[in-house]
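Asks: Take this structure first; my questions come after.
Coordinate-derived values only; no laboratory data. The structure displayed is predicted, hence computed values, not measured ones. Note that we place each Cβ from the backbone using ideal geometry, even for glycine, and neighbour counts take in every protein chain shown.
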Amino acid sequence: MTVSLWRLDSIDTTLLLTAEGESDVPSIVWFGDRLPDIDDKVLDAVTAMTDLPLPMAKLDESIALSLFPQRSTGMDCTPALRGHFDGNFFDHRVRRIKARGDGLNLCIELRDEAARLEVVLMLSLHQATGVLSFTTTLTNHANDDYTVDWLASATMPLPGSYRECLHLHGRWGLEFQAHRSAIAPGSLTLQSHRGRTSHERYPGLMIGECGFNENSGDVMAANLAWSGSHASSVELMSDGRMCYQSGVSLDPGELRLAAGETFTAPNCYFKRQTVGGLNAVSQQMHHYMRHEVLPSWTRTERPVHANSWEALYFNHDIETLKLLIDAAAEVGAERFILDDGWFPARRSDNAGLGDWTVDGSVYPEGLYPVVEHVRSHGMQFGLWFEPEMVNPDSELYRSHPDWALHLQSHETPLARNQLVLNIDMPEVFDYLYQHIAALVEEYKIDYIKWDHNRDLILAGDGKRSVMHRQTMACYRLMQKLGENYQKLEIESCSSGGARADWGVLRHTGRVWTSDSIDAIDRVKIQRGYSYFNPPEIMGAHVGHAKAHLTGREINIHTRAIVALQGQYGYEIDARKLDAEEKQILSEYVSLYKNNRGWLSGSTTWRLDSAVDCLTCGGLVSDDKKSSWWFAVAEASLAQTVPGTMVLYGLDKETDYRVRIASRNLEELQKFSKKIPAWVIDGITARGAFLMTVGLVLPVMPAQSALLIEVKSV
Ligand code: DGJ
C-alpha cells in the first residue's frame, strides 16, 4: 500500500500528516515540537509505528482518525459533515483528489463523486509562532440544493496523554471565568446558540495533559474565530482516541447550498507547546493575533479612554458633558467616548435604537459643541452605536417592521426592549452603512464603540433562520467601514465581553471586556480573557469607588492597578473626583503613558498561586528590559503573608531595578509591623535571582493590589 506523507514546519513546530492509499483523507501523525528531517527509512518506521491495531467486534479494517472524519467509513466520532439533499445522500464519502503543499501551507481537495460535493481543507502553519490555521470549504456541484446541518471548521486529533481542558464560561458582568473539566469517555461539548459569541461560552479552549499549569505541562489551544452560534467538542472514543472539533452551530435548514454554491467555515486556530504550559501557548497565540488577525492600528500607542456611560447613562446634556470632558482631560484622558443616549428618544433603553441621527432636542446644534469641546482638549472623539439592533419604539421600526429578524409563526421575545435587524438584507445593510458613515464623516469620528446587547432568538427572515448570515453581514459592515475609513477604530462590545472572539477582532481590535468595572471581579475576568487575547486590546477602566454593578467599594489604587493591565481608561464621573483622587489618577495615567510603548506587544505571564484569592501576573517587554508585575489580594488571604512572587521571562544575566510603582506603599505599611526591605527603597537584582529566589511580598489586606516595576539598569 502506498503511503503519502506531508509535513509543514515552522521555527518550532511540525505538522506531519500521512494517508494510506491513493485517495484516503490525510490524518495527523504529529502536531507539536519540530521534528528532525525525514527520509524514506524514517517514513517506513513512522508508518509501522503508527499502524493501528484492530480490536475485536469492530469493522474488519482499522479506520484512521482523519482530518475529515466520516461516518460512512465507520469512524465513531462526530462526523465533520452532516447534511443531505432533501433526505437523500444522508451520508457521504469524500476521497482525496489532490493535496498540494509548500512547507507552510497544505491544501487538500476532497470529493464525493456520487454526491458531487467538494471539500477543501486548508492548513497553514505560521512560521514565527507555529500557530496552525485550519479552514474548511464545502462546495455543492450537484444540481439540487444541499442542506448542511454541520460542517466542522476543523477536526484535530489529540495526544493520548491529554485528559483535562480549561474553558471559559461566564455571565453578564462576569465573563471569561476559567473552568477546568476532565476529559471523560464520551464528549464534552461547549455551545452557544445565542447568535453571538456569548458571555457563557468562549469558543476556544486549552486542552492538555493532567495537571497542566500556567508554566508547565503539554497544552494545546484551539480557538474558533466566530462571533455567532458555535459548538466545539472534545471527544474520547472507546478505542482511546480523542479529537477536538468545532464549527458554526446551525439552525435546522438554515444553510442550503444551491448548485455551485460554497460555504467556508470560520477559521480555527491551534497552537501546541509540549512544555511551558498555558503561558507558552497564550504567548504564541497573542503574537500570532497581533501580526495576523488584528487591524494594524492596534500596533499604535493605545490612547487613554474616558467613557460617558457610568457617569451619565441616558442623562445627556451639553453643559454636563462639557464639565465631564474637562474633568476627564484633567486626569489624562486622550479620547472621549459618548456612549448610549445621543440619538432621538433615547432617554432610556426603551426607545430609539435604529434611528442613527443626533437627537435635536438634546443637541440642537448637533454634536458639534461636544465634539469641539473634546477636540479643544486635544482629545479624540468616539461614539457609541448598536447597529444590529432596533427598538420597536423607533422611527425605523415603524417604517420597516419587516427589517427585524423574525419567524412568521411566533412572536419574537424582546430583550432590553429591542429586536435585531436582519442586516443581511441589502437595504438594511445599506441603511446602516450610510447612517454610520455619514456621522463618521460629519464629526470626523475617530472611534466607534460597537455594541450588541441581546441574544438572537427566532433569527429568521420570516421563514428560515439567517443566523450565520447575520454574523457574516456584521463582519462585512465592519470591514466596509474599516476599508473606507482607515483611521477609524472600532471596539467590540456586547453587553461587555460577549463578542470577544478572533472573528470579530479581525475588524475591531479592542474589546470592552466586561460591564463589571468592579476591580476585584475584573481580576479573574481579565485573567480569563488573557488566555487568548493580548493586553493592549483589552478595555480596562478605572470605575467608581462603589462599583455600579456589584455595589462593592474598592480603593482607588486597586482600581487603577487592575486597569493598568489593559488599555487604561476611565468609566467614572470625573467631575466628582476630589483633588487627592485627581492627583493619584494623574500619577497612574502617567505611568501608563510612560510605559504603553512596550506594553503593546508585551509578553503575558500569569503566575500560579498557592494562595487562594491571590492573583499574580506580569507583562514583560519584547526586549526583556521592562516589566510590570501585579499582585491582587481579592479577599482576605488565609495566610498572614502572601508569600514569594517568582518572576518569569526576564534575562538571566541582566541587572534589574525593582521598585513598587503603585502609589499605595504608605497605605500598605499600616497593615504589618514591618514590610520587606526591597519594598521600601527598591533594589537592584540579577534576573537569574528574580526568576528563582523571587520577591517576598508584603502583607496585603483584602482588596489591595501592588504594581511592581522591574526594569533593566
Ligand atoms: C452595554 C455596554 O456594555 C455598556 O458599556 C454600555 O455601552 C451600554 N451597553 C449602553 O447601552
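Asks: Any idea which of A459, Q526, A328 is furthest toward the positive side of the dipole for region 304-597, if Lys and Arg beta-carbons carry +1 and Asp and Glu beta-carbons -1?
Replies: Q526
Asks: Helix-only estimate, please: 222 nm mean residue ellipticity of the chain, summing -39500 (n - 2.57) across DSSP H runs of length 4 or more and dividing by its residues, to the nearest 500. Intermediate results must be reported in sequence, preceding the final value.
Replies: Numbers: 14 runs with 143 residues, N = 713.
That calculation yields -6000 deg cm²/dmol at 222 nm.
Asks: Can I ask one more? Taking region 539-692 as the region of interest, what is the percent of Cα-Cα pairs per 10 angstrom bin, listed from the shortest bin to the one with the maximum distance?
Replies: Values per bin, smallest distances first: 9, 36, 39, 15, 1.
Asks: Nearest 20 debye, what's the magnitude of the dipole of the chain about its Cα centre given +1 on Lys and Arg Cβ and -1 on Asp and Glu Cβ? Mind dumping the intermediate values first?
Replies: Numbers: 68 positive and 92 negative charges, 303 e Å.
Rounded to the nearest 20 debye, it is 1460 debye.
Asks: Sorting F532, F314 on the 10 Å Cβ count, fewest up front, what's the list?
Replies: On the way: F532 25, F314 16.
So the ranking, lowest neighbour count to highest, is F314, F532.
Asks: Still on this structure: Take the Cα of D12, step 7 Å along the line toward its Cβ, and report every residue of region 265-282 whose backbone nitrogen sits under 18 Å from that point.
Replies: From region 265-282, the list is 269-282.
Asks: If you don't mind, there's one more thing I want to ask. Only four residue types carry charge here, +1 at the Cβ of Lys and Arg and -1 at the Cβ of Asp and Glu. Report the dipole size of region 304-597 about the Cα centre in Debye, rounded to the nearest 20.
Replies: Numbers: 30 positive and 43 negative charges, 179 e Å.
Dipole size: approximately 860 debye.
Asks: Only Cα pairs under 8 Å and at least 6 apart count here; give the relative contact order of region 70-293 as a rounded whole percent. Write out the running numbers ahead of the final one.
Replies: On the way: 573 pairs, mean separation 49.2, N = 224.
So the answer I get is 22 percent.
Asks: In addition: Hey, what do the phi angles of region 122-129 turn into as Karplus ³J(HN,Hα) couplings, whole Hz, using 6.51/-1.76/1.60 and θ = phi - 60°, x for Gly and Pro?
Replies: After applying 6.51 cos²θ - 1.76 cosθ + 1.60, I find 10, 10, 10, 9, 8, 3, 6, 10 Hz.
Asks: For the charge dipole of region 70-293, defined by +1 on Lys and Arg C-beta atoms and -1 on Asp and Glu C-beta atoms about the Cα centroid, which residue among A80, L151, G173 has the Cα displaced farthest towards the positive pole?
Replies: Comparing the listed Cα positions along the dipole, G173 ranks first.
Asks: Once you've got the Cα coordinates, tell me which of K322/K449; K271/K487; K546/K674; K524/K711; K593/K625 are over 22 Å apart. Walk me through the numbers before you get to the answer.
Replies: Values: K322/K449 20 Å; K271/K487 32 Å; K546/K674 30 Å; K524/K711 26 Å; K593/K625 17 Å.
The answer is K271/K487; K546/K674; K524/K711.
Asks: Sort E571, E200 so that the residue with the fewest other Cβ atoms within 10 Å of its own Cβ comes first and the one with the most comes last. Mind dumping the intermediate values first?
Replies: On the way: E571 25, E200 18.
Neighbour counts put them in this order, fewest first: E200, E571.
Asks: Moving on. For a label point 7 angstrom out from the Cα of D430 toward its Cβ, which stretches of region 458-490 have the backbone nitrogen within less than 17 Å?
Replies: Label zone hits: 477, 480-481.
Asks: Once both labels are modelled 7 Å past Cα along the beta-carbon direction, what's the E292-S238 spacing in nm?
Replies: Spacing of the two 7 Å Cα→Cβ label points: 3.8 nm.
Asks: Same structure again: Please work out the Cα center distance from region 16-69 to region 513-588, rounded to the nearest Å.
Replies: Distance between centres, Cα-based: 51 Å.
Asks: Order of 690-696, 224-230, 386-392 by packing, highest average Cβ count within 10 Å first?
Replies: Numbers: 690-696: 16.6, 224-230: 28.3, 386-392: 23.9.
Ranking, from highest mean packing down: 224-230, 386-392, 690-696.
Asks: Something else about it: Between T644 and D144, with labels modelled 7 Å along Cα→Cβ, what's the label distance in nm to one decimal, could you check?
Replies: For the pair T644/D144, the computed spacing is 7.1 nm.
Asks: Another question, if that's okay. What is the chain's relative contact order, in percent, from Cα pairs under 8 angstrom and six or more apart in sequence?
Replies: Values: 1717 pairs, mean separation 72.3, N = 713.
Worked out over the chain, it gives 10 percent.
Asks: Amide H to amide H, which residues 5 or more places from A154 or on other chains are under 5 Å from it, using H placed in the peptide plane?
Replies: HN-HN under 5 Å from A154: S246.
Asks: Right, here's the next one. Order these by the 10 Å Cβ neighbour count, fewest first: T320, T684. Kindly include the intermediate steps, with their values, before the conclusion.
Replies: Details: T320 15, T684 11.
With the sparsest Cβ surroundings first, the list reads T684, T320.
Asks: If the reach is capped at under 15 angstrom between alpha carbons, list the aspartates and glutamates near K98, excluding any in the same chain fewer than eight residues apart.
Replies: Excluding near neighbours in sequence, the set is E20, E22, D24, E109, D112, E113, E118.
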